[in-house]
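Asks: Pasting a structure here, questions to come.
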Amino acid sequence: MMNSIIKNYIYNTGYQLLTILIPIITTPYIARVIGSSGMGKYTYENSIAYYFVMFIMLGLNNYGNRTIARVRDDKEAMSKNFCEIYLMQMIIGIVVTILYFIFCIISAKNNSLRWIMIIYVFSAVVDINWFFFGLEKFQLIVLRNTIIKIITTICIFTFIKEKKDLYLYVIILLSGTFISNLMLWIIVFNNIILIKVRFSNVIQHLKNNLLLFIPIVAVSLYKYMDKIMLGILSEIKQVGFYEYSEKIIQIPMALVNSLGTIMLPKMSNLVVNNRNKDEERYISNSILFAGFSSSSLCFGLMGIAKEFVPFFYGNGYSICVYLFYILLPSCCFIAFANVIRTQYLIPHRMDIIYIKSVILGAIVNFIFNIILILHFQAIGAAIATLMAEILVCLYQAVKLKDILNISQYVKDTIPFITAGIIMLIVLIKIPTLEENLFITIIIKIIVGSITYLTVLRINLQLRKEELKKIRIILSKVK
């Protein structure tokens, strides 16, 4: 089983890193060609269209994944669930697509970008990634997406040459998503058989799915609504600054998100088979990995932000340095909460705790967005997002403290956070070579890596000695 987890993790992480590597390759080019205002317009319209996509997908990425994982050993039951769930998705998808079309007629007289977003909305109607995630067929998804991403990147560098190519840039991105989703239909019937569907079962799936849709709505308030609010309450270029900065957060989160994606179906299957010890072991190991990956990359990126931003984006993006400092620490809280959510709450169907946590985060985020965006623009939105992520993580941890060994998990992450903070302090002290930012970045990466690993090793060694002393004391007491 461990080999399959490692293999799936490598496949999924490879894809997650590819989705980050490609923006890293294209962003400096797009930032200079399209500019912050162009990216702001795209992000604003994409955020609006996302709400229509969200109502098509509901909570399927979690609900569909979990449902298929629980019955995947029975082909007839799996086929039955797939047909029922997808019929629900298709009906809702067609209705929502029509509503988006009407929305465009009413609101988009001179807004071509909003019309182009129809591609994005309709791509959700044919999105069955949840089915293959439930089957743990990550190799297939990674191969498909890798091909599409590479073709998309080639098209961007080939056809996007000036600011007026913004529309073509968006069409290229959205077409890649649509084709990627469509390709899975070529092979889906190799895994299922068509079964007559009872509409009452479809309604039941809808009811169950709506429960997991609530946190999706709540999360969207501090993942997408902040960009819409930025566009309304501030300048459109502020949305561009925020979007460019947020993309960098995806670097440390790729490793954690890919772990959550592969572990959700695995843990759901373990829950069905009552393998509690395996659950505990996987969660404990995942906390260690999440702590290492998020802290090292989070504090490392903060340490090179001053040089990275002007080197990567060019002139005029200095505000992104401060956005890095505010947004990146949230990665540590997101990573911890991701493990709890995908490896315990959702597999155990403890959806209410998850729902309440993100609703609380959404309310806090919304209130502070209104207060802070008016005064601090993109920086205000970043502060509100950080506060929301901290609150969500704390709420979930407190609610599970009597079920999971939360205090031990927190102790396990302390050596990683300590190493990250010390690394950040060292990196800030290194002077910048203004005439050669690239050399400064390379020096900082080398020094930061050595510092982090050295401090981490010392921390873990001290902890090992401390545990030895505790064991000796306990043995004497016995």
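The values are calculated or read from the model by the stated rules, or taken from the named source; none is laboratory data. Everything quoted here is computed from the prediction, not taken from an experiment. So basically every Cβ, Gly included, is an ideal-geometry build from the backbone, and we count neighbours across all protein chains shown. Accessible surface areas use protein heavy atoms only, side chains included; no ligands, DNA or RNA. Shrake-Rupley method; radii C 1.70, N 1.55, O 1.52, S 1.80 Å.
Asks: Going by average Cβ neighbours within 10 Å, how do the peptides 298-307, 37-46, 88-97 rank, with the highest at the top?
Replies: On the way: 298-307: 24.1, 37-46: 21.7, 88-97: 18.0.
In decreasing order of mean packing, 298-307, 37-46, 88-97 become 298-307, 37-46, 88-97.
Asks: Only helices at least 20 Å long along their own axis, judged from Cα atoms, and with Kyte-Doolittle mean hydropathy of -0.5 or greater: name those in the chain from DSSP H. Kindly include the intermediate steps, with their values, before the conclusion.
Replies: Numbers: long enough: 2-33 (45 Å, 0.64); 35-57 (31 Å, 0.26); 75-107 (46 Å, 1.39); 138-159 (31 Å, 1.64); 166-183 (26 Å, 1.81); 199-223 (35 Å, 0.92); 236-272 (49 Å, 0.61); 276-313 (50 Å, 0.27); 351-376 (36 Å, 1.94); 378-399 (32 Å, 1.60); 406-429 (35 Å, 1.40); 437-477 (59 Å, 0.95).
Helix filter hits for the chain: 2-33, 35-57, 75-107, 138-159, 166-183, 199-223, 236-272, 276-313, 351-376, 378-399, 406-429, 437-477.
Asks: Could you sort out which of Lys80/Lys401; Lys196/Lys356; Lys266/Lys356 sit more than 31 Å apart by Cα distance in this structure?
Replies: Lys80/Lys401; Lys196/Lys356
Asks: Taking the solvent-accessible surface of protein heavy atoms with a 1.4 Å probe, what is the per residue accessible area of the range 115-157 in Å²?
Replies: Numbers: 1560 Å² over 43 residues.
Heavy-atom SASA per residue in the range 115-157 reads 36 Å².
Asks: Return the label of the correct value of Cα extents along the principal axes in Å, as calculated from the structure shown, out of [x] 120, 53, 40; [y] 79, 65, 41; [z] 70, 59, 41.
Replies: [z]
Asks: Follow-up. Given charges of +1 on the Cβ of Lys and Arg and -1 on the Cβ of Asp and Glu, with all other atoms neutral, how large is the dipole of the range 16-108 about its Cα centre, in debye to the nearest 20? Kindly include the intermediate steps, with their values, before the conclusion.
Replies: Numbers: 7 positive and 5 negative charges, 38 e Å.
The dipole of the range 16-108 has a size of about 180 debye.
Asks: Let me ask another. What distance in nm lies between label points placed 7 Å from Cα along the C-beta direction at Ile370 and Ile403?
Replies: That separation, rounded to one decimal, is 3.3 nm.
Asks: Accessible area of Trp185, 1.4 Å probe, to the nearest 10 Å²?
Replies: Surface open to solvent at Trp185 totals about 60 Å².
Asks: Within a Cβ distance under 12 Å of Gly303, other residues only, what is the Lys/Arg minus Asp/Glu net charge?
Replies: On the way: positive: Lys306, Lys429, Lys444; negative: Glu307.
My count for the surroundings of Gly303 gives +2.
Asks: Assign unit charges at the C-beta atoms only (+1 for Lys and Arg, -1 for Asp and Glu), then state the dipole size of the chain relative to its Cα centre in Debye, rounded to the nearest 20. Intermediate results must be reported in sequence, preceding the final value.
Replies: On the way: 44 positive and 25 negative charges, 213 e Å.
That gives a dipole near 1020 debye.
Asks: With unit charges on the beta carbon (Lys/Arg positive, Asp/Glu negative), name the residue among Met225, Asn257, Tyr169 whose Cα is farthest towards the positive pole of the charge dipole of the range 168-267.
Replies: Result: Asn257, furthest along the dipole toward the positive end.
Asks: Counting alpha carbon pairs within less than 8 Å and at least 6 residues apart, what relative contact order, in whole percent, applies to the chain?
Replies: 20 percent
Asks: Sticking with this structure for a sec: For the chain, can you list the cysteines whose C-beta has no other cysteine C-beta under 4.7 Å from it?
Replies: Cys83, Cys104, Cys155, Cys320, Cys332, Cys393
Asks: Right, here's the next one. Say the dipole of the range 54-176 comes from +1 at the beta carbon of Lys and Arg and -1 at that of Asp and Glu; which of Thr67, Ile102, Phe132 then lies farthest toward its positive end?
Replies: Final value for the positive-end residue is Ile102.
Asks: A further question follows. Quote the relative contact order of the range 154-292 in percent (integer), defining contacts as alpha-carbon pairs under 8 Å separated by 6+ residues.
Replies: Relative contact order for the range 154-292 comes out at 9 percent.
Asks: Here's a follow-up. What residues from the range 235-268 fall in the zone where the backbone N is under 20 Å from a label point 7 Å along the Cα-to-C-beta line of Ser37?
Replies: Inside the label zone: 235-245.
Asks: Then there is this: Would you work out which of Ile326, Asn81, Phe366 lies farthest towards the positive end of the dipole of the chain, given +1 charges on the beta-carbon of Lys and Arg and -1 on that of Asp and Glu, about the Cα centre?
Replies: Going by the Cα projections, it comes out as Asn81.
Asks: Starting from the Cα of Ser284, step 7 Å along the direction of its Cβ; do the same at Phe438; then give the gap between the two resulting points in nm.
Replies: 4.7 nm
Asks: Show me 27-35, 453-461, 429-437, 412-420 ranked by packing, highest mean number of other Cβ atoms within 10 Å first. Present the calculation step by step, with values, prior to reporting the outcome.
Replies: Details: 27-35: 17.0, 453-461: 14.7, 429-437: 11.9, 412-420: 20.6.
Per-residue mean Cβ counts within 10 Å order the peptides as 412-420, 27-35, 453-461, 429-437.
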